[in-house]
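The values are calculated or read from the model by the stated rules, or taken from the named source; none is laboratory data. Quick caveat: nothing in here was measured; it's all calculated off a predicted structure. Here the Cβ positions follow ideal geometry from the backbone for every residue, glycine too, while neighbour counts run over all protein chains shown. Quick note on the areas: whole protein, heavy atoms, side chains included, nothing else; ligands and nucleic acids left out. Shrake-Rupley method; radii C 1.70, N 1.55, O 1.52, S 1.80 Å.
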Amino acid sequence: MAVLADHSTDGLTVFRAERWGTGAQGTHCREGEVGHNAFLGGTMGDTPGSPTISTKLQRIAKQAECYPEMVFNNLYHLIDCDLLREAYRRTRKDVAPGVDKVTAKVYAQNLDENLRDLHERLCAHRYVAPPVERVWIDKDGGKKRPIGKPTFEDKIVQRACVMLMSPIYNHDFYDFSHGFREGHSQHKALHELMEWCKKRDINWIVDADVSGFFDNLDHGHLREFIAQRVSDGGIKRLIGKWLNAGVMDGETLTYPDKGTPQGGVISPLLANIFLHHVLDDWFVKDVQPRMRGRCFMVRFADDFIIGFEHEWEARKVMDVLPKRFGRFGLTIHPDKTTLVQFRKPPSQLKKAKFNGTFDFLGFTHYWAKAREGYWVIKRKTMGKRACRFVKAVRQWCRENRHLPLRDQHRALSVKLRGHYQYYGVRHNSMALDKVLYEVRRSWRFWLSRRSHTGKIIWDNFLKTIDVQMPLPRPRIIHNI
């Protein structure tokens, strides 16, 4: 066997192991495995003439693009003080602290010393991932959703790891995977979904739901999927520490053998890696070649929609989906996974008969006629999402009715603008107007409870609000 070294112009070296007499290639360290191993140059600490962070990430991305089968086994040494500082800059500072109660403001008081100490612990493999504090938030149907709160320092390390791994996997992920990726968003996924349904003769929609995906993600399969692209021992140890760090729920510390906490910086990337192998790759390589009609898929994290031209093909895939996910320890919810007829109605019809509706990323999608008389796909805010927002605003007004009116107006304006920022899409004006009306009602109701003199007259309230403290009115922000 001969070991060859290819030197690229950007200073990176890719080692290939070739066997005489065969075209099969193996890695430098393990013979017989298909692919390449990347050895990225550099030292533990940057010198004044060393590459910048963006240059290092561009090198990784370039190698991942040029060698799709490459296995990266030398990334850990790139986690230096400069990368940690950049990771600190990209980490949100306004989130709640974890189990150690150290906020971003406290951590920044001795930032250089803290980052230097963190780097030393990472170099010596003495870094210990702290437990993730679990909190519960309300979910539709009266249920609760668990959310994890890592410590601020742990978020920095996770962010540094994501910065190194994302350039590799961004070239592996398909374009229809939009969850938590640079250049992708929920609105881009919604636009792609609408374009497929309008212009590609899509008549049937499979609206699937994975039961408790983040809580049931199998650690063994996840490690196997990561090793196919990243085999660096340091990175794998870090991911193993996060998966086994434990969960602090109140005063109880548990160590789940599966799942990854929602709220962790590394969790969206791990979820995308897992679903890329379980769902995306399977759909592209096994499902689409067997379909006679057109089909597509749009996915954002664990929410995905599959569209088909023919009903029998849609039902066939629906029967296979639970078996596919069951192989990897996941369950497709039998009641929430439905097949919806979603064909474009004939132009002479006045109503979209026989067509159903489906929910995706907070919107209900349905066929309706535009003002000009032709059929279009319209979207409106899901009823459950609108009710949840109104209830949250009503509760806030109740708890803060003692504040000065200017402060209440300022806070309500921020909440409404945030709601419009996401749900401000075409054809959704009526739902936004209704939300504004309900917010006004809630505000007036709890302002009336500040005094024993009685209720505030609605007309007088509107005159005062519209003139002195007008709440922001709905507007269409996303033309999709």
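Can you find a residue that is over 30 Å from Ala368 (Cα atoms) and touching an Asp or Glu at 6+ places or on another chain (Cβ under 8 Å) anywhere in segment 320-328?
Looking only at segment 320-328, we keep the residues that are over 30 Å from Ala368 (Cα atoms), and these are 320-328.
Going one step further and asking which of them are touching an Asp or Glu at 6+ places or on another chain (Cβ under 8 Å), we end up with 328.
Yes, segment 320-328 contains a residue that is over 30 Å from Ala368 (Cα atoms) and touching an Asp or Glu at 6+ places or on another chain (Cβ under 8 Å).
Which of the residues spanning segment 208-218 are open to solvent by 10 Å² or more (accessible area, probe 1.4 Å) and not in a strand (DSSP E or B)?
Asp209, Ser211, Gly212, Phe214, Asp215, Asn216
Check Pro470, Pro474 and return the single one that is at pLDDT below 95, of a type outside the set (S, T, N, Q), in a loop (DSSP other than H, G, I, E, B) and within 20 Å of Met382 (Cβ to Cβ). Step through it out loud before you land on a result.
Details: Pro470 fails: within 20 Å of Met382 (Cβ to Cβ).
Going through Pro470, Pro474 in turn, the sole match is Pro474.
Rundown of residues vs (1) buried (at least 16 other Cβ atoms within 10 Å of the Cβ); (2) over 27 Å from the mean Cα position of the chain (by Cα), yes/no style:
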site: Val317; (1), (2): yes, no
site: Val320; (1), (2): no, no
site: Leu330; (1), (2): yes, no
site: Gln341; (1), (2): no, yes
site: Leu349; (1), (2): no, yes
site: Phe358; (1), (2): yes, no
site: Thr381; (1), (2): yes, no
site: Ala386; (1), (2): yes, no
site: Lys391; (1), (2): no, no
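Name the residues in segment 70-98 that are surrounded by fewer than 17 Cβ atoms within 10 Å (Cβ to Cβ) and more than 12 Å from Ala160 (Cα to Cα), would you?
Passing the criteria: Arg92, Lys93, Asp94, Val95, Ala96.
Mind counting the residues in segment 346-372 that are small (Gly, Ala, Ser) and under 20 Å from Gly424 (Cβ atoms)? Quick ask: steps written out before the conclusion?
Taking segment 346-372 as the starting set, the residues that turn out to be small (Gly, Ala, Ser) are 347, 352, 356, 362, 368, 370.
Remaining after also requiring under 20 Å from Gly424 (Cβ atoms): 362, 368, 370.
Of the residues in segment 346-372, 3 are small (Gly, Ala, Ser) and under 20 Å from Gly424 (Cβ atoms).
Restricting to segment 142-168, give me the number of residues that are without any contact (Cβ under 8 Å) to a residue 12 or more places away in the chain and out of contact with any strand residue (DSSP E or B) (no Cβ under 7 Å at 6 or more places or on another chain). Walk me through it before giving the result.
Of the residues in segment 142-168, the ones without any contact (Cβ under 8 Å) to a residue 12 or more places away in the chain are 142-144.
Filter again for out of contact with any strand residue (DSSP E or B) (no Cβ under 7 Å at 6 or more places or on another chain), leaving 142-143.
Of the residues in that region, 2 qualify.
Test Ser231 against the criterion of being open to solvent by 30 Å² or more (accessible area, probe 1.4 Å) and among the polar types (S, T, N, Q), and give yes or no.
Details: open to solvent by 30 Å² or more (accessible area, probe 1.4 Å): no; among the polar types (S, T, N, Q): yes.
So Ser231 fails the test.
Out of segment 396-418, which residues are in contact (Cβ under 8 Å) with a residue 12 or more places away in the chain and loosely packed, with under 12 Cβ neighbours inside 10 Å? Spell out how you get there, then give the answer.
We begin by selecting, within segment 396-418, every residue in contact (Cβ under 8 Å) with a residue 12 or more places away in the chain; these are 396-398, 401-402, 405-406, 408-409, 411-413, 415-417.
Within segment 396-418, His402, Arg406 meet the criteria.
Scan segment 448-474 residue by residue and report those that are in contact (Cβ under 8 Å) with a residue 24 or more places away in the chain and in contact with a Leu (Cβ under 8 Å, 6 or more places away or on another chain). First the steps, then the outcome.
Just the residues of segment 448-474 that are in contact (Cβ under 8 Å) with a residue 24 or more places away in the chain, to begin with: 449-450, 465, 469, 471-474.
Passing the criteria: Ile465, Met469, Leu471, Pro472, Arg473, Pro474.
Is it fair to say Tyr422 is under 30 Å from Ile306 (Cα atoms), in contact with a Gly (Cβ under 8 Å, 6 or more places away or on another chain) and surrounded by fewer than 18 Cβ atoms within 10 Å (Cβ to Cβ)? Working first, answer last.
Details: under 30 Å from Ile306 (Cα atoms): yes; in contact with a Gly (Cβ under 8 Å, 6 or more places away or on another chain): yes; surrounded by fewer than 18 Cβ atoms within 10 Å (Cβ to Cβ): yes.
Answer is yes for this residue.
What number goes with the only condition from (1) at pLDDT 95 or above; (2) over 34 Å from the mean Cα position of the chain (by Cα); (3) basic (Lys, Arg) that Lys415 does not pass?
(2)
When you scan segment 258-268, do you find a residue that is out of contact with any Gly (no Cβ under 8 Å at 6 or more places or on another chain), outside any strand (DSSP E or B), more than 16 Å from Asn216 (Cα to Cα) and open to solvent by 10 Å² or more (accessible area, probe 1.4 Å), even just one?
Looking through segment 258-268, at least one residue is out of contact with any Gly (no Cβ under 8 Å at 6 or more places or on another chain), outside any strand (DSSP E or B), more than 16 Å from Asn216 (Cα to Cα) and open to solvent by 10 Å² or more (accessible area, probe 1.4 Å).
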